[in-house]
Amino acid sequence: MNPFYFSQFNFQPSPNTSSQRLLNSGTGLLFKYKSNPFHTESMRYDKTTDSFTCVNGEKLYFEYKTERKTRNEYVVEYRRYRTTSCTQCPYKDKCYKSKNHYREIKVSLRFMEQRKESLQNIISEEGTKLRMTRSIQVEGAFGVIKQDMNFRRFLTRGKRKTETQFFLLAFAFNILKLKNRKETARFGKDLFELKEVA
């Protein structure tokens, strides 16, 4: 099997998992957010001056840093950036809701770099194959068991008996999958090839 199969973006954490800790340990994260010019992700960061630029062209300079420990004992470092004044800004009401006369953002630079790297992994050709294969493996398996094998409910009671019944179903599913792979000569091919849409 291709070692890339177990690479960064192959792991999709649940919403309750610490994203910072997962990214720091070398795993990827599929993230989604709406395109908003006032979000921190939309601001341009300048490494030389260590500052962000908002939609109005104002600079947000570094003020101080804080640390927060997650439930998993992972320490996250945040850097606070702030503008000098936003009283004359035409976007003030849309930019932030605070009563202060300045915009302040809380950023983890390490997390931002890892998110960019994770996104590049996800949208790459190999990442697209992995996401496509994952959806086929998870959704397809339950679809075959419910529809093709006509399994709608457990016929037994008790945890041990239902586990045994589902084990037999999974065993039968794997045998059918092995048979199909043998007939289509797909041994050793873990990922489906991408197809161009006309």
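Quick rundown of the values:
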| item | result |
| --- | --- |
| For Y96, distant residues with modelled amide H under 5 Å away | none |
| Gain on full stretching of the segment that runs from Y102 to K47 - 0.36 nm per residue minus C-alpha separation | 17.6 nm |
| Estimated inter-spin distance, L168 and F38, nm [label 7 Å along Cα→Cβ] | 6.1 |
| Of K65/K116; K65/K97; K94/K116; K94/K129; K159/K182, pairs whose Cα-Cα distance is over 28 Å | K94/K129; K159/K182 |
| Net length gained if the chain between E113 and R71 were fully extended (0.36 nm per residue, minus Cα distance) | 12.8 nm |
| Neighbour net charge for R103 - beta-carbon separation under 9 angstrom, K R +1, D E -1 | 0 |
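Every number in this text was worked out from the coordinates using simple rules, so none of it is lab data. Every value quoted in this text rests on a predicted model; they were computed, and no experiment measured them. Counting neighbours? That spans all protein chains shown, and the Cβs are built from the backbone with ideal geometry, glycine included.
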